[in-house]
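Heads up: the structure comes next, in structure tokens.
The values are calculated or read from the model by the stated rules, or taken from the named source; none is laboratory data. Predicted, not measured: the structure shown is a model, and the values here were computed from it. With ideal geometry, Cβ positions are generated from the backbone for all residues, glycine too; neighbour counts draw on all protein chains shown.
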Amino acid sequence: MKLSLRASICAHHTSIAGVTGLILLLISTIASQAAEPASPNAVRSFLENNCYDCHQGESAEAALDLEKLSFDLGDSSNLQRWVRIYDRVHDGEMPPADYGEPGAKERQTFLAATNHGLMNFQKNIQTKYGRVRGRRLTRKQIERSMQDLLAIDIPLLDYLPAEQKTEGFTTVASGQGMSHFQLAAHLETVDVALDEAFRRALSPEDEYQKDFNAQGVARTSPTRRCREPEMRKGKAVIWSSGLIYYGRLPATTAKEDGWYEFEVTVSGVKLPKTGGVWSTVRSGPCVSSAPLLAHITTFEAMEQPKVIKFTTWLPRGHMLEIRPGDTTLKKGRFAGGQVGVGEGEPQDLPGIAFDRVTMKQVHLNGNDDLVREFLLGDLKVEPQKDKRKPWIVISKNPKADAERLLTQFASRAFRRPVTSEEMQPYLAEVNEAIDKKAEFVEAIRLGYRALLCSPRFIYFAEEPGSLDDYEVATRLSYLLTGSTPDAELMQLASAGKMRDTETLKQQTRRLLSGNQAERFIHDWAGEWLDLDQIDFTQPDAKLYRDFDPIVEQAMLTETEAYLGEMLNENLSVSHLIDSDFTYLNSRLARYYEIDGITGDELQRIKLKPQDRRGGLITQGAIMKVTANGSNTSPVIRGVWVSERLLGVDVPPPPSNVPAVEPDIRGAKTIREQLAKHRSQGECASCHTKIDPAGFALENYDPTGRWRDNYPQVQGRGVKAGPKIDASYELPSGQEFRNIDGFQKIVTSHPHRLAANVAEHLLVYGTGATIEFADRPQVELIANKAAADGYGFRSIIEHVVTSDLFLSK
């Protein structure tokens, strides 16, 4: 990614030492880049004439002593420092304007020499080793790959350790480790996956199904005070309350781990003036020893009954909890933490009423026949009377059958054909077990286990240079689906067509069609936009009383649906910053104070100027992940918007400068505090770039709601504090008064937005960060996208057909 805008030449960004090495390395390239042959002192002359006055000796500004500058590019920190110096000179930030402009020829000679030297160094490294080294599957990719290879659907993420992000993504190779703990976790995950696969292959089909009427989900004893629904007028009712687990349905308790499909017929009781009764569906043991509940879905219950359909994973012993969840609803008071029949009615509370609940166990990734096909091919599986092993596999030639099945599986697991010779290490243990009279299933399971623990499954096996067809199919599949290539991709790879530009575009469109587009958006935006961190903080209930899990979930789906339309309709990336539409349901519209929206389904809404919304940048999900739950910070939001959307990387703050903490009492505004902070010389250069985007968004509180004033805590209450000033000036000198002005300026330059999206896609899809030598390719992608109006889908297609994507 372009590093010029993250550079500050102050002490905490640049600590650089000796110029001689730079000169020696660059002399041979200056002549070919400059208009005229340059002297051996060209680089030194530029530094001496333009930089030494301020950056020399012990008293050098920002502790940057150019006399001790080194060009040992093998040291990554030195490499990044030289890139930053190049960028600051290139962008005219250095030398400072008040120092005097260097001559155009002198500047160009310096830039040409430095550019060529940095390019040559990085390209030589890439030629020898590739852009990315030692990249492995992420925990999510391991889960999906095993599920697709075995046709199983059980969740596996909990068995694998959490992963750190590098440049915002878990896919970046330089941030991926492999410890003994991770290896042990992977082995356990493989065993769990294989246990499930063989269980389903060698047992009757899972057939759990229940149908409950209102009485079936209500409390079993009307006289007992508890937290289950009560019967009222022939329906099972739950009233609005703050009691935890009130609304639990023991009838829905899962007998075994599994995916369950539910249909709930429900209506609203005593509807509020705001519309229906917005409710949540969650799951868990629903006992005090296990307080956490998993979110499933939300809905709005109206006067007329309607059927709510959803599918969820329920571990054994977990049940549903369905209840009014809108925090703006009146809540009942019940003594002793339990609810008695008839105690809610006199309090005139809104509630929900159940007519019927159906529950059916399902499989999401294929039935048992498909599991058997993947594991056992065409071998016969016959039932037997042994309850411990109700099915037996018939194999007349176990070793030949094992080799055939494992070779087929290996080509899918390793994502390319394998030879008989390559299979021998994996077959050795299987054949030994067969020789020792082990049952065929026990023997072949050893082979599957070895294949799924192989580095060839865990790691992307790529050689420096251009990827072959199978490697391209693999990279494309993991970028767009997060899983192993499907049969069509493998067939195209076998035919040698995966490097064909049109084929790549066609496959990209296929893999981004229908529900698969939703999966890609969810995966990529989850990391790129930090949407996977949306519930990391809990907004202060005192300051933001109307915010609740229903609003949060609606915000998340708003952003994903919005990105989905950008993808499907190939809308310009300028829509990230501004647009005249979004996706809302009645609850989120009410939260945003937008009138006229009804229903719990997301709807495409045309925005009006008075709605003060437009573009992904103003959506609640983005506002929430860029705030801490109590207050906002233009610095935090400014850095996030700069790096994630505008393509402006920002360096970390200096270690000797304390963080700026907004005064939540309202005594001082963040603008007043930052004015003092920026007065420190080492801070001003970065805040000039960071703060504009942050201040443009100051009218949005930590939960995404519009505000004109900062909140001011007064005793136990909150009142309107100082008025918010969202005006600022961009580094270019362009001024804006509010978010509208900021949006107009930024959307007038879509090229950088497109290049930024391309950069993030390349980082996510290749596992390597964008280096100085990669910049021309990124610019080429953005230039190609310009012909399609910088369309979102076009950028993806140009990324997957680029040399960067098609090379290691």
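Pairing each residue of segment 325-347 that is under 10 Å from residue 225 (Cα atoms) with any residue that is of a type in the set (Lys, Arg) and surrounded by 15 or more Cβ atoms within 10 Å (Cβ to Cβ), provided the two are 6+ apart or on different chains, yields C-beta distances under 8 Å for 336/225; 338/225; 338/227; 339/225; 339/227; 340/225; 341/219. With respect to the stated conditions, residue 332 is crowded, with 19+ Cβ neighbours inside 10 Å, of a type in the set (Gly, Ala, Ser) and at negative phi.
Of the candidates 206, 191, the single residue that is within 17 Å of residue 143 (Cα to Cα), in contact with a helix residue (DSSP H, G or I) (Cβ under 8 Å, 6 or more places away or on another chain), surrounded by fewer than 19 Cβ atoms within 10 Å (Cβ to Cβ) and of a type in the set (D, E, K, R) is 191. Considered as a group, the residues in segment 573-590 that are within 29 Å of residue 713 (Cα to Cα) and out of contact with any strand residue (DSSP E or B) (no Cβ under 6 Å at 6 or more places or on another chain) include one that is surrounded by the most Cβ atoms within 10 Å (Cβ to Cβ), and that residue is 588.
If you go through segment 708-737 and keep only what is under 18 Å from residue 539 (Cα atoms) and surrounded by 15 or more Cβ atoms within 10 Å (Cβ to Cβ), you end up with 710, 711, 712, 713, 718.
Scanning segment 754-768 for any residue that is over 25 Å from residue 510 (Cβ atoms), outside the structural domain of residue 624 (by TED's automatic domain parsing) and of a type in the set (A, V, I, L, M, F, W, C) turns up at least one such residue. Exactly one condition in (1) under 24 Å from residue 199 (Cβ atoms); (2) assigned to a helix (DSSP H, G or I) is not met by residue 470; state its number. Result: residue 470 passes all but (1).
Checked against the criterion of being over 24 Å from residue 604 (Cβ atoms) and out of contact with any Cys (no Cβ under 8 Å at 6 or more places or on another chain), segment 555-564 contains not a single residue that satisfies it. If the condition is being out of contact with any strand residue (DSSP E or B) (no Cβ under 7 Å at 6 or more places or on another chain), modelled with pLDDT of 95 or more and among the small types (Gly, Ala, Ser), then segment 454-512 contributes 454, 473, 477, 482, 483, 487, 493, 494, 495, 496. Hey, does segment 520-540 have a residue that's at pLDDT 95 or above and more than 22 Å from residue 642 (Cα to Cα)? Yes: one or more hits. Given the criteria without any contact (Cβ under 8 Å) to a residue 60 or more places away in the chain and out of contact with any Asp or Glu (no Cβ under 6 Å at 6 or more places or on another chain), does residue 203 qualify? Taking the combined requirement at face value, the residue does not satisfy it. On inspection, residue 570 passes the criterion of being closer than 26 Å to residue 611 by Cα and surrounded by fewer than 20 Cβ atoms within 10 Å (Cβ to Cβ). Among the residues of segment 541-561, not a single one is touching a helix residue (DSSP H, G or I) at 6+ places or on another chain (Cβ under 6 Å), within 24 Å of residue 142 (Cα to Cα) and not in a helix (DSSP H, G or I). The strands (runs of 3 or more DSSP E) falling completely within segment 303-392 that include 3 or more residues that are at pLDDT below 95 map to 380-383. Consider segment 374-412 and keep the residues that are without any contact (Cβ under 8 Å) to a residue 12 or more places away in the chain and acidic (Asp, Glu). The one that is farthest from residue 144 (Cα to Cα) is 386. Within segment 276-302, if we keep just the residues that are at pLDDT 95 or above and among the small types (Gly, Ala, Ser), the residue that is nearest to residue 554 (Cα to Cα) turns out to be 279.
Being surrounded by fewer than 16 Cβ atoms within 10 Å (Cβ to Cβ), part of a strand (DSSP E or B), of a type in the set (Val, Ile, Thr) and under 28 Å from the mean Cα position of the chain (by Cα) is not true of residue 280. Restricted to segment 101-124, and to residues there that are more than 16 Å from residue 775 (Cα to Cα) and among the aliphatic types (A, V, I, L, M), the residue that is nearest to the chain's Cα centre (by Cα) is 113.
Would you pick out the residues in segment 751-787 that are more than 17 Å from residue 525 (Cα to Cα), among the hydrophobic types (A, V, I, L, M, F, W, C) and not in a loop (DSSP other than H, G, I, E, B)? Answer for segment 751-787, where residues must be more than 17 Å from residue 525 (Cα to Cα), among the hydrophobic types (A, V, I, L, M, F, W, C) and not in a loop (DSSP other than H, G, I, E, B): 772, 773, 778, 780, 781, 782, 785, 786. Taking the criterion of being of a type in the set (Ser, Thr, Tyr), under 17 Å from residue 527 (Cα atoms) and in contact with a Phe, Trp or Tyr (Cβ under 7 Å, 6 or more places away or on another chain), the only residue of segment 142-192 that qualifies is 171. Cβ-Cβ contacts under 6 Å between residues 6 or more apart (or on different chains), taken from a first residue in segment 268-297 that is in the same structural domain as residue 585 (by TED's automatic domain parsing) to a second residue that is small (Gly, Ala, Ser) and surrounded by 14 or more Cβ atoms within 10 Å (Cβ to Cβ), are absent.
Considered as a group, the residues in segment 89-143 that are among the β-branched types (Val, Ile, Thr) and more than 30 Å from residue 173 (Cα to Cα) include one that is surrounded by the most Cβ atoms within 10 Å (Cβ to Cβ), and that residue is 109. Taken together, the criteria place residue 593 among residues that are under 16 Å from residue 706 (Cα atoms) and surrounded by fewer than 19 Cβ atoms within 10 Å (Cβ to Cβ). Out of all the residues in segment 91-98, is one or more part of a loop (DSSP other than H, G, I, E, B) and either hydrophobic (A, V, I, L, M, F, W, C) or at pLDDT 85 or above (or both)? Scanning segment 91-98, I find at least one residue that is part of a loop (DSSP other than H, G, I, E, B) and either hydrophobic (A, V, I, L, M, F, W, C) or at pLDDT 85 or above (or both), so the answer is yes. Against the list (1) assigned to a helix (DSSP H, G or I); (2) touching a residue at least 24 places away in the same chain (Cβ under 8 Å), the condition residue 726 fails is (1). With respect to being under 33 Å from the mean Cα position of the chain (by Cα) and crowded, with 18+ Cβ neighbours inside 10 Å, residue 81 fits the description. Checked against (1) out of contact with any strand residue (DSSP E or B) (no Cβ under 9 Å at 6 or more places or on another chain); (2) among the charged types (D, E, K, R); (3) assigned to a strand (DSSP E or B), residue 604 passes all but condition (1). Give the residues of segment 90-137 that are free of Cβ contacts under 8 Å to residues at least 40 places away in the same chain and at negative phi, sorted by residue number. If the condition is that a residue be free of Cβ contacts under 8 Å to residues at least 40 places away in the same chain and at negative phi, then 96, 97, 98, 101, 103, 104, 111, 124, 125 are the ones that fit.
Being part of a loop (DSSP other than H, G, I, E, B), in contact (Cβ under 8 Å) with a residue 12 or more places away in the chain and not basic (Lys, Arg) is a property that holds for residue 171.
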